[in-house]
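Data block below; observations after.
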Amino acid sequence: MGRQALIMVIAYSLVFLMSGALMSSATVDAFNNAMSYNDTGTVQNIAISGANMGANYIFLNKPGIAGNMWWTGWSTPVAYNGGSFTVRMDSVKDMYGNWGRIQMTTTAQYNGSSYVVTVLFNPSQFSKFALYSGSMTGVYFEPSDSVFGPCHIESTLNYGNPSGGTMTHGAYFGGKVTTKTGIAALTNPAVLPTFAQGIQNGVSIPLSLNTTQLVTEAAGNLFSGGSLYLTLKDDSVAYKTSLAGPVTTKAISQIAPNGVLAIDKGTLYVSGELSKPLTVASLRSSGSTGGTIHITDNLTYKTDPRTDPNQMAMLGVVGYSTITIDTVSAHNNFTVQGSMYSQTDGVQVMNYSTRPRGNLYVLGGWCGTQIYATSNGTTAGLPVNVTYDERFRVTAPPYFPGTNTYQILSWYE
């Protein structure tokens, strides 16, 4: 018995010793795992903090001309939370070849671990709005009105029923709506509009036209004074400087290699069909004349982006002053595919109260200081049907006027 008991004691001792070793090893592994998890979480938090600091810097410091980096990042490691991070900034192009996007790469280091956060920024441009108006003086959204993309009113959004009849429903807004000073009803009580993606008041986004930038970008393809008649022909442009003058046709890649074709202190007349990215502009860099645009016939894409969102055509129509839907066309209906921008006025329909009844179909959007009536409401003019071009949420025609801020397109970890 004594011998057997001794053997059992030794055996149990060995078992406990092995169990203790295993428990010790498990404890060490658990400790190491906990430390590794802590290091991973810490270095990730450092990288995210660095990316947020970089994004805040971009938000607080206005950008320079699109494509020119105004901030190079932090190449010297920034000490943070026991570790460090660096920020690298790179200018990148969008899918249409436009400069202006920024890729920010934040790399964090902590206790031998590293972590990378990559953020892609896009210039916030006015083409992102289906409708932008600086003022709604004397104009109201009626129950039959609808806007299917982002909308901003740099004043008070007016709504109601001008006829004074009972409203059973309000205007419909399919995208997010922002206003500077809220909303106001024409009739009281009145039915509120439908804001499918919400409304945010107290937001100010003033119009901003960088004439200097557009003049610079149009160098070599900038006309001065007088008139410029443009007919877009697929990937080419036919132009003349007088109504009866000789016509010259050039490829867009030749006459506007960076996608900008403009006239300064003159009048632009434009129509046609497009298959390339292009911004046509009528500017007023000085003086008190010029900067007006007449759309004389349909402006369309060769391929409709609603059926082929990867097609390359993207049009911007930028005017310092009025953009007019002209009466030259022999047909009543108009189609404009692109984003229209008027810095000091708006889009108007010539003879809207007397011209034959038709429709104005817009694929894209328009921005202006003022919204104008386009028909007399019954027998004449061009009631408007605006469909938002979803591509404008993330990109824009070349050098289209911007809000001088950037928006985050993607955040990769």
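Residues that are buried (at least 18 other Cβ atoms within 10 Å of the Cβ) and closer than 21 Å to Gly377 by Cβ within the range 114-141 comprise Leu131, Ser133, Met136, Tyr140, Phe141, listed in sequence order.
Look at (1) outside any strand (DSSP E or B); (2) crowded, with 20+ Cβ neighbours inside 10 Å and you find that Tyr341 fails only one, number (1). Pairing each residue of the range 48-67 that is under 25 Å from Asn258 (Cβ atoms) with any residue that is at pLDDT 85 or above and of a type in the set (A, V, I, L, M, F, W, C), provided the two are 6+ apart or on different chains, yields C-beta distances under 7 Å for Ile58/Phe121.
Show me the strands (runs of 3 or more DSSP E) found entirely inside the range 143-248 where at least 1 residues are of a type in the set (A, V, I, L, M), more than 30 Å from Thr289 (Cβ to Cβ) and in contact with a strand residue (DSSP E or B) (Cβ under 8 Å, 6 or more places away or on another chain).
Ranges flagged: 157-159, 177-179, 183-185.
The sole residue among Val328, Val318 that is under 18 Å from Gln213 (Cα atoms), of a type outside the set (Phe, Trp, Tyr) and either touching a residue at least 24 places away in the same chain (Cβ under 8 Å) or surrounded by 24 or more Cβ atoms within 10 Å (Cβ to Cβ) (or both) is Val318. Which ones in the range 264-294 are over 16 Å from Ser127 (Cα atoms), β-branched (Val, Ile, Thr) and at pLDDT 95 or above? Thr267, Val270, Thr292, Ile293, listed by residue number.
Can you find a residue that is under 15 Å from Tyr132 (Cα atoms) and at pLDDT 95 or above anywhere in the range 323-334? Looking through the range 323-334, at least one residue is under 15 Å from Tyr132 (Cα atoms) and at pLDDT 95 or above. Here Asn404 fits the description: among the polar types (S, T, N, Q), assigned to a strand (DSSP E or B) and out of contact with any helix residue (DSSP H, G or I) (no Cβ under 8 Å at 6 or more places or on another chain). Find the residue count for the range 372-393, including only residues that are touching a Leu at 6+ places or on another chain (Cβ under 8 Å), at pLDDT 85 or above and not in a strand (DSSP E or B). Going through the range 372-393 one residue at a time, the tally reaches 3. Residue pairs whose Cβ atoms lie under 6 Å apart, sitting 6 or more positions apart in sequence or on different chains, and linking a residue in the range 78-92 that is in contact (Cβ under 8 Å) with a residue 40 or more places away in the chain and surrounded by 17 or more Cβ atoms within 10 Å (Cβ to Cβ) to a partner that is assigned to a strand (DSSP E or B) and polar (S, T, N, Q), are Gly83/Gln109. Just one of (1) buried (at least 17 other Cβ atoms within 10 Å of the Cβ); (2) in contact with a Lys or Arg (Cβ under 7 Å, 6 or more places away or on another chain); (3) not aromatic (Phe, Trp, Tyr) fails for Thr289. It is (1). Checked against (1) surrounded by fewer than 18 Cβ atoms within 10 Å (Cβ to Cβ); (2) among the hydrophobic types (A, V, I, L, M, F, W, C); (3) modelled with pLDDT under 80, Ile48 meets all criteria but (3).
Out of all the residues in the range 308-315, is one or more modelled with pLDDT of 95 or more and either under 17 Å from Ser342 (Cα atoms) or surrounded by fewer than 16 Cβ atoms within 10 Å (Cβ to Cβ) (or both)? There is at least one residue in the range 308-315 that is modelled with pLDDT of 95 or more and either under 17 Å from Ser342 (Cα atoms) or surrounded by fewer than 16 Cβ atoms within 10 Å (Cβ to Cβ) (or both). Scanning the range 313-346 for residues that are of a type in the set (A, V, I, L, M) and touching a strand residue (DSSP E or B) at 6+ places or on another chain (Cβ under 7 Å) returns Ala313, Met314, Leu315, Val317, Val318, Ile323, Ile325, Val328, Val336, Met340. Search the range 278-293 for residues being over 24 Å from the mean Cα position of the chain (by Cα) and touching a residue at least 40 places away in the same chain (Cβ under 8 Å), and hand back the single one that is farthest from Asn351 (Cα to Cα). Among those residues, the one meeting the criterion is Ser285. I need the full set of residues from the range 355-371 which are assigned to a strand (DSSP E or B) and surrounded by fewer than 21 Cβ atoms within 10 Å (Cβ to Cβ), in order please. Those that are assigned to a strand (DSSP E or B) and surrounded by fewer than 21 Cβ atoms within 10 Å (Cβ to Cβ): Pro356, Tyr361, Thr369, Gln370. Considering (1) of a type outside the set (Phe, Trp, Tyr); (2) assigned to a loop (DSSP other than H, G, I, E, B); (3) farther than 19 Å from Lys233 by Cα; (4) touching a residue at least 40 places away in the same chain (Cβ under 8 Å), the lone condition that Asn351 does not fulfil carries the number (4). Pairs are defined by a Cβ separation below 8 Å, a sequence spacing of at least 6 or placement on different chains, a first member in the range 214-240 that is closer than 16 Å to Ser286 by Cβ, and a second member that is among the β-branched types (Val, Ile, Thr) and not in a strand (DSSP E or B); the pairs so defined are Thr216/Ile65; Leu222/Val215; Phe223/Thr241; Gly226/Thr241. Exactly one residue out of Gly266, Gly245, Gly226 is of a type outside the set (Lys, Arg) and at positive phi, and it is Gly226.
If the condition is being of a type outside the set (Ser, Thr, Tyr), under 18 Å from Lys233 (Cβ atoms), touching a residue at least 40 places away in the same chain (Cβ under 8 Å) and outside any strand (DSSP E or B), then the range 256-277 contributes Gly259, Lys276.
The values are calculated or read from the model by the stated rules, or taken from the named source; none is laboratory data. Please read all numbers here as calculations on a predicted model, not as lab measurements. With ideal geometry, Cβ positions are generated from the backbone for all residues, glycine too; neighbour counts draw on all protein chains shown.
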